[in-house]
1. Using θ = phi - 60° and the Karplus curve 6.51 cos²θ - 1.76 cosθ + 1.60, what whole-Hz ³J(HN,Hα) does each residue of region A:179-186 get, with Gly and Pro shown as x?
2. Probe radius 1.4 Å, ligands and nucleic acids left out: which of B:M167, B:M138 has the largest accessible area, and how do the rest follow?
3. Got the A:L249 label distances to the other copies yet, label 7 Å along Cα→Cβ, in nm, shortest first?
4. Please give me the summed charge of the neighbours of B:V220: other residues whose Cβ is under 14 Å from its Cβ, Lys and Arg +1, Asp and Glu -1.
5. For B:A224, enumerate residues with amide H under 5 Å from its amide H, sequence gap 5+ or separate chain, H modeled in the peptide plane.
6. To the nearest whole percent, what portion of all C-alpha pairs in chain A is separated by more than 38 angstrom?
7. Divide by every residue of chain A the summed helix terms, -39500 (n - 2.57) for each DSSP H run of at least 4, and state the resulting mean residue ellipticity at 222 nm, rounded to the nearest 500 deg cm²/dmol.
8. Pull out a ≥ b ≥ c, the square roots of the eigenvalues of the alpha-carbon gyration tensor of region B:166-220, then state rounded if a/c is under 1.5, prolate if not and a/b is larger than b/c, and oblate in the remaining case.
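The values are calculated or read from the model by the stated rules, or taken from the named source; none is laboratory data. Remember, it's a predicted structure, so these values are computed and weren't measured experimentally. Counting neighbours? That spans all protein chains shown, and the Cβs are built from the backbone with ideal geometry, glycine included. All accessible areas refer to the heavy atoms of the entire protein, side chains included, with ligands and DNA or RNA removed. Shrake-Rupley method; radii C 1.70, N 1.55, O 1.52, S 1.80 Å.
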Number of protein chains: 2
Amino acid sequence: MARFAPPGFTGSPLVRIDNERDNQAYHDEQLARADAKLLRLTGLAPDVLDGGLLGWGPASEVAPDATLALLGLIDGAPHFVPIDPVQENGAQRSAAMSAALGQLKGDEAATYAVARCLIDWHSRHQFCPRCGKHTRPMRSGWARLCDKAAEGCGSEHFPRTDPVVIMLAEFEGKILVGRQKPWPQRNYSALAGFVEVGESIEEAVARELFEEAGVKATNVRYIASQPWPFPSQLMIACIAEVESADLNLDTREIEAAIWVDKDGVEAALRRDESGPFMPPPPFAIANTLLNAWVAGA
Amino acid sequence: MARFAPPGFTGSPLVRIDNERDNQAYHDEQLARADAKLLRLTGLAPDVLDGGLLGWGPASEVAPDATLALLGLIDGAPHFVPIDPVQENGAQRSAAMSAALGQLKGDEAATYAVARCLIDWHSRHQFCPRCGKHTRPMRSGWARLCDKAAEGCGSEHFPRTDPVVIMLAEFEGKILVGRQKPWPQRNYSALAGFVEVGESIEEAVARELFEEAGVKATNVRYIASQPWPFPSQLMIACIAEVESADLNLDTREIEAAIWVDKDGVEAALRRDESGPFMPPPPFAIANTLLNAWVAGA
């Protein structure tokens with residue numbers, strides 16, 4: 001098997017204590033512990049310390065009216081995050097956020113991703129999609145209840161994660177990368193799209209490649225996956241052999257696309273100015289995918 | 001690469017016309033065509049014809065006040081489904097439904113899955129999770145709008161698909177299958193669980209195996225995927241090598257679990273009465289996973 005570095009946002013040391021989430025007494029006990037930690041955030045942005053570490057304060061710092069989620073345990077200590085609604089749009093990844101992510105160590109970014117996805121989901125899911133009533137957090141911040149006691153319908157709601165396929169088409173020793181109009185000049189990446197209801201990963205890869213680039217997949221192989229917290233996707237990275245190199249771009253989605261050979265991808269990954277394109281940042285799985293392809297995956 | 005039959009609910013001949021979903025004129029033109037088809041349903045149940053085909057009527061059969069989704073084109077003809085709220089709980093798979101699914105041809109079941117996921121999603125998402133106002137269908141039935149013109153917040157909502165990992169632990173030539181208390185005696189299947197926010201597929205597999213069975217994954221390999229329309233999951237099937245065969249079952253989730261060798265899995269897949277267990281039905285990806293493992297995947 002080809003070796004490549006683990007994708008960004010993976011490798012968190014967090015131990016999720018799923019089996020105690022329904023236990024309010026457990027939550028309260030953990031919160032009262034002297035070693036309980038609270039994630040320091042400004043809106044949705046992390047506090048990045050020297051060495052690329054996340055900033056945590058003592059749980060005693062918590063505002064008296066705050067609602068907390070128990071992320072889980074790290075080195076045995078309970079770690080919490082406030083999940084009160086924030087105004088910020090979790091779907092956006094600002095330049096400042098990209099810079100912060102570039103500084104965070106990989107496993108710290110992974111823990112941050114869990115917290116960020118949870119906060120953002122609570123912010124955008126204050127109401128019940130089934131009956132429209134206000135919902136309240138439950139399960140140590142890992143679900144919301146449309147409470148019958150508050151005239152709700154009783155349904156429970158869980159954080160949403162949208163599966164997304166991201167893929168390289170491959171033909172005769174070259175792979176396809178594309179760019180969107182708003183991106184900086186020379187930036188190219190793998191094509192991507194949401195998995196729709198009623199399709200497999202492989203079907204979504206084939207559909208997206210055909211819709212966006214007009215290429216027909218003949219074989220799809222899975223490479224790797226990562227969570228992506230903008231706002232909450234599961235990125236599923238694949239390589240698809242295609243029938244021909246002829247392109248028919250959907251220019252509303254893809255401004256331009258180019259076929260690149262192994263030397264070109266290697267130059268791009270070195271961020272070589274003379275290379276054929278500038279690659280996505282290391283914490284994006286498209287970068288992992290390019291590295292994996294070069295390594296023979 | 002090991003060969004095995006494609007998973008259930010895949011292989012639909014449907015061509016999704018994503019790029020025209022925002023075009024109401026296109027929707028109306030397709031609906032007016034003489035070859036336009038409408039899926040026949042009773043609640044959420046399909047009409048299964050001889051030969052395992054789905055029942056479709058002419059689009060002119062549609063109730064005057066019905067709201068339709070354009071599923072896409074099959075052999076060039078537009079295929080629609082009514083998406084008005086139904087009372088049925090899409091999460092349930094009744095015995096009658098299982099029987100109907102057993103009769104439907106694979107590619108017909110795949111088309112049915114698309115329709116069922118859409119209907120069920122509309123039924124359970126009539127209100128905006130962000131502001132609680134009533135939403136209305138948009139994009140030819142592939143989204144809902146919280147309309148500012150109706151005092152909503154303007155947000156758009158897309159059908160939800162929850163990624164789920166389903167996996168076999170593997171140790172020294174045997175794989176692990178487990179059973180839940182309500183299942184018929186002797187029925188065993190792969191372990192499974194929802195992918196949570198902020199974790200990769202591989203991390204979810206490792207976490208679920210440890211939580212449910214107490215086994216530690218050392219390597220996870222992806223095998224196959226399928227959509228699962230009860231109500232709308234993306235099933236991601238993997239095999240995980242584990243450190244040891246010692247089990248520590250979470251008996252709230254798993255009543256019993258057994259290690260089975262290749263001969264035993266082959267006997268189970270033949271539904272041999274003397275085999276070690278009864279396998280899940282062919283349309284479930286756990287069945288595909290068992291077949292793939294026997295084939296050397």
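1. Result, ordered by residue: 9, 9, 3, x, 6, x, 3, 6 Hz.
2. B:M138, B:M167
3. From this label point to the equivalent ones elsewhere in the assembly: 5.7 nm.
4. Working: positive: B:R207, B:K216, B:R221; negative: B:E170, B:E199, B:E202, B:E203, B:E208, B:E241, B:E243.
Once all neighbours under 14 Å are counted, the net charge is -4.
5. Hits under the 5 Å cutoff: B:A237.
6. Details: 9591 of 43956 pairs.
Tail fraction, whole percent: 22.
7. Computed ellipticity for chain A at 222 nm equals -7000 deg cm²/dmol.
8. On the way: a/c = 2.56, a/b = 1.36, b/c = 1.88.
Oblate, because a/c is 1.5 or more while a/b does not exceed b/c.
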